[in-house]
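Have a look at the structure below, then the notes.
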Amino acid sequence: MNFDLRNAVIANISQNSKDELRETIVDAINSKEEKMLPGLGVLFEIIWNHSSQRDQQEMVETLEQGLKETGAGK
């Protein structure tokens, strides 16, 4: 069976409001469930692909800082 996770995630949330999208993201992060990571990855891919180079650079800098603060970047 070939399951297209990317399209399933997109189809599942494509009609959500901004508040619903935010709630989906917050709930997925707060649940700390490994099974939520692929869906968050799909959402990040959409954000990345629809961001300017400046916004992408800011995301990378934010990620770098966050990793340093959590100790994961050491």
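Each value in this text was obtained by applying a stated rule to the coordinates, not by laboratory testing. Since the model is a prediction, treat every value here as computed from it, not as a measurement. Counting neighbours? That spans all protein chains shown, and the Cβs are built from the backbone with ideal geometry, glycine included.
Once every DSSP H run of n ≥ 4 in the chain is given -39500 (n - 2.57) and the sum is divided by its residues, what mean residue ellipticity at 222 nm do you get, rounded to the nearest 500 deg cm²/dmol? Write down the numbers at each step before the final one.
Values: 4 runs with 54 residues, N = 74.
That comes out to -23500 deg cm²/dmol.
For a quick check of your reading of the filter: which GluC sites (Glu not before Pro) in the chain sit in a DSSP loop and have no more than 14 other Cβ atoms within 10 Å?
The qualifying sites are Glu33.
Starting from the Cα of Ile10, step 7 Å along the direction of its Cβ; do the same at Ser52; then give the gap between the two resulting points in nm.
2.5
Only loop residues by DSSP count here, and only those with at most 10 other Cβ atoms within 10 Å; note down the trypsin sites (Lys or Arg not before Pro) in the stretch 1-70 that meet that.
Taking the stretch 1-70 and a limit of 10 other Cβ atoms within 10 Å, the loop trypsin sites (Lys or Arg not before Pro) found are Lys32.
Picking from Asn49, Ala28, Ser14, whose Cα lies most toward the positive end of the charge dipole for the stretch 1-54 (charges on Cβ: Lys, Arg +1; Asp, Glu -1)?
Working it through, the farthest residue towards the positive pole turns out to be Asn49.
Over the chain, what number does the Rg to Rh ratio reach, with both radii from the alpha-carbon atoms and Rh per Kirkwood?
Rounded to two decimals, Rg/Rh equals 1.01.
Starting from the stretch 1-60, pick out the chymotrypsin sites (Phe, Trp or Tyr not before Pro) whose DSSP state is loop and whose Cβ has at most 16 other Cβ atoms within 10 Å.
The qualifying sites are Phe3.
When the dipole is taken about the Cα centre of the chain, and only Lys, Arg (+1) and Asp, Glu (-1) are charged at their Cβ, what size is it in debye, to the nearest 20?
That gives the chain a dipole magnitude of about 120 debye.
So how many Lys-Lys pairs in the chain land under 23 Å Cα to Cα, not counting same-chain pairs under 8 apart?
Numbers: Lys18/Lys32; Lys18/Lys35; Lys32/Lys68; Lys32/Lys74.
Close lysine pairs found across the chain: 4.
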